[in-house]
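The values are calculated or read from the model by the stated rules, or taken from the named source; none is laboratory data. On a predicted model such as this, the values are computed, not experimentally measured, just so you know. With ideal geometry, Cβ positions are generated from the backbone for all residues, glycine too; neighbour counts draw on all protein chains shown.
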Amino acid sequence: MSIEPITGRYLTVTVQGTPRRVYFEEAGQGRPVLCLHTAGADTRQWRHLLNDAEITASNRLIAFDMPWHGKSLPPEGFETEEYLLTTEAYIETVLAVIDGLGLDRPVLAGCSMGGRIALQLAALHGHKFSGFIAIEASDFQPAWYDIDWFHRPDAHGGEMGAALVSANISPYAPNAERWNTLWMFMQSGPGVFRGDLSFYTKDDSLIARLPNIDTSKTPVHIIVGAYDLTCTPEDAKRTADAIPGATLAVMDELGHFPMSEHPDGFRPFFADALARMPVTAAKAA
Amino acid sequence: MIETFKHIQFTLESTPHLLRLGRLFAETVLIQVDRHEYYLTFDKGHLVNLAEGPSRKIPWRFALRTDAEALEKFWQARPEPGFHDIFGLVKIGRGRIDGDILSLVKNLRFFKEVMGLARANEEVAA
């Protein structure tokens with residue numbers, strides 16, 4: 001028997017004028033590191049790092065489920081609402097969670113759409129953070145699939161979404177973690193993956209903002225897996241080149257969900273990224 | 001190449017979870033490899049017929065068009081990036097999917113894993 005050190009609680013914040021009950025998990029102490037999951041998934045993607053005693057010895061890792069995802073409920077009235085995530089709502093949610101938890105200039109680590117919004121926050125609200133780890137993150141990619149496939153009355157969007165995103169998992173990923181990663185997509189609520197992808201594949205506003213990121217104040221480190229078909233190493237390099245002072249690491253044997261699909265392979269890259277971030281004094285939440 | 005598809009047909013019969021996943025799949029799929037055509041007809045998840053083309057008489061629901069070298073790489077235990085998935089082949093310009101793509105997407109896990117049955121190490125999922 002074993003009990004993990006991860007603890008989970010709920011926080012209610014206001015986003016776009018309505019209350020959102022947000023589930024978050026955390027482990028560790030010291031420098032706060034806020035972790036953002038990918039589209040169509042949830043906090044469980046970060047489970048291995050939250051359970052990593054060496055990482056959490058000096059880092060307080062916090063991950064939360066975006067509203068509509070995981071254990072965070074959708075807002076009241078969702079039953080008649082079409083879920084379409086926007087850059088503005090996503091930014092407001094991340095900032096509300098930081099305020100709600102009383103985090104003092106956390107490092108922001110986001111993957112995929114979480115990496116995209118991390119770079120948006122670096123451009124627009126950099127002073128609220130101490131640094132950015134943008135994983136499988138790039139300026140913009142249009143969809144190479146039809147996002148409407150994933151929300152239909154005649155098929156299971158979660159199963160289709162999982163089958164599609166399996167294209168982004170490396171063949172080096174341990175089989176058990178491959179399927180744990182896909183399970184989150186299978187469990188995703190109806191229309192949620194589509195609504196995330198709408199934000200991810202249609203909003204190209206980040207491109208013009210990248211040169212505004214001041215890495216002398218808040219470093220930006222981008223990490224990308226060679227098996228990522230959605231955000232390719234070329235996409236990540238183009239993005240890093242557009243941010244003065246940004247750094248880039250390519251993981252030859254990983255894909256789009258590195259912290260979840262292949263935790264041992266990702267760990268050294270994440271530890272290296274943390275080492276590039278400033279050490280800040282931690283405030284109690 | 002036809003021997004590889006026969007291997008897939010044989011292996012599918014001893015892969016119960018794929019027969020279960022494909023229980024509603026009854027379509028003919030065209031696999032075009034360079035200039036060669038292979039028609040794979042499925043019924044209730046079983047690969048019930050393999051036919052070599054070219055043929056203008058066999059209707060198909062969707063097609064995967066690629067080349068022999070790309071498929072050879074796809075079937076390696078750990079393919080290099082892009083060759084590890086049928087959508088990867090499309091993304092890197094070594095494959096094309098035609099026809100009723102929604103039919104493919106609705107049965108995507110089944111079809112990808114069936115294609116992956118010819119992998120050198122079948123423990124590595126499609």
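Quick test for you: out of A:Gly189, A:Gly195, pick the one residue that is part of a helix (DSSP H, G or I) and either in contact (Cβ under 8 Å) with a residue 24 or more places away in the chain or not aromatic (Phe, Trp, Tyr) (or both).
Exactly one residue qualifies, and that residue is A:Gly195.
The residues listed here are B:Lys44, B:Lys112, B:Lys106, B:Lys57; of these, the one that is within 14 Å of chain A (Cβ to nearest Cβ), more than 13 Å from the chain's Cα centre (by Cα) and among the charged types (D, E, K, R) is B:Lys106.
Within the range B:1-24, residues that are among the small types (Gly, Ala, Ser) sit with their Cβ atoms under 7 Å from residues that are part of a helix (DSSP H, G or I), at 6+ positions apart or across chains, in these pairs: B:Gly22/B:Phe110. The numbered conditions (1) surrounded by fewer than 21 Cβ atoms within 10 Å (Cβ to Cβ); (2) touching a helix residue (DSSP H, G or I) at 6+ places or on another chain (Cβ under 9 Å) are all true for A:Glu88 except (2). Restricting to the range B:39-68, count the residues that are out of contact with any strand residue (DSSP E or B) (no Cβ under 9 Å at 6 or more places or on another chain) and modelled with pLDDT of 95 or more. Adding up the residues that qualify gives 3.
Restricting attention to the range A:150-184, the residues that are among the hydrophobic types (A, V, I, L, M, F, W, C), within 11 Å of another protein chain (Cβ to nearest Cβ) and buried (at least 20 other Cβ atoms within 10 Å of the Cβ) total 10. If you check A:Val224, A:Val220 for being over 10 Å from A:Glu136 (Cβ atoms) and crowded, with 23+ Cβ neighbours inside 10 Å, only one passes: A:Val220. Restricting attention to the range A:198-214, which residues are farther than 16 Å from A:Ile117 by Cβ and in contact (Cβ under 8 Å) with a residue 60 or more places away in the chain? A:Asp214 - this is the single residue of the range A:198-214 that is farther than 16 Å from A:Ile117 by Cβ and in contact (Cβ under 8 Å) with a residue 60 or more places away in the chain. Tallying residues that are at negative phi, surrounded by 18 or more Cβ atoms within 10 Å (Cβ to Cβ) and facing another protein chain (nearest Cβ under 10 Å) within the range B:60-88 yields 8.
Could you check how many residues of the range B:89-103 are of a type in the set (Lys, Arg) and more than 10 Å from chain A (Cβ to nearest Cβ)?
Adding up the residues that qualify gives 2.
Considered as a group, the residues in the range B:9-38 that are touching a strand residue (DSSP E or B) at 6+ places or on another chain (Cβ under 7 Å) and β-branched (Val, Ile, Thr) include one that is farthest from A:Met160 (Cα to Cα), and that residue is B:Val33. The residues listed here are A:Arg116, A:Arg178, A:Arg209; of these, the one that is among the basic types (Lys, Arg), touching a Gly at 6+ places or on another chain (Cβ under 8 Å) and either part of a helix (DSSP H, G or I) or within 25 Å of A:Thr247 (Cβ to Cβ) (or both) is A:Arg116.
Selection of the range A:94-108 for residues being within 13 Å of the chain's Cα centre (by Cα) and assigned to a helix (DSSP H, G or I) yields only A:Val94. Would you pick out the residues in the range A:185-196 that are more than 14 Å from chain B (Cβ to nearest Cβ) and within 17 Å of A:Ala89 (Cβ to Cβ)? Answer for the range A:185-196, where residues must be more than 14 Å from chain B (Cβ to nearest Cβ) and within 17 Å of A:Ala89 (Cβ to Cβ): A:Gly189, A:Gly191, A:Val192, A:Gly195, A:Asp196.
Of the residues making up the range A:123-149, just one is of a type in the set (Gly, Ala, Ser) and within 13 Å of chain B (Cβ to nearest Cβ), namely A:Ala143.
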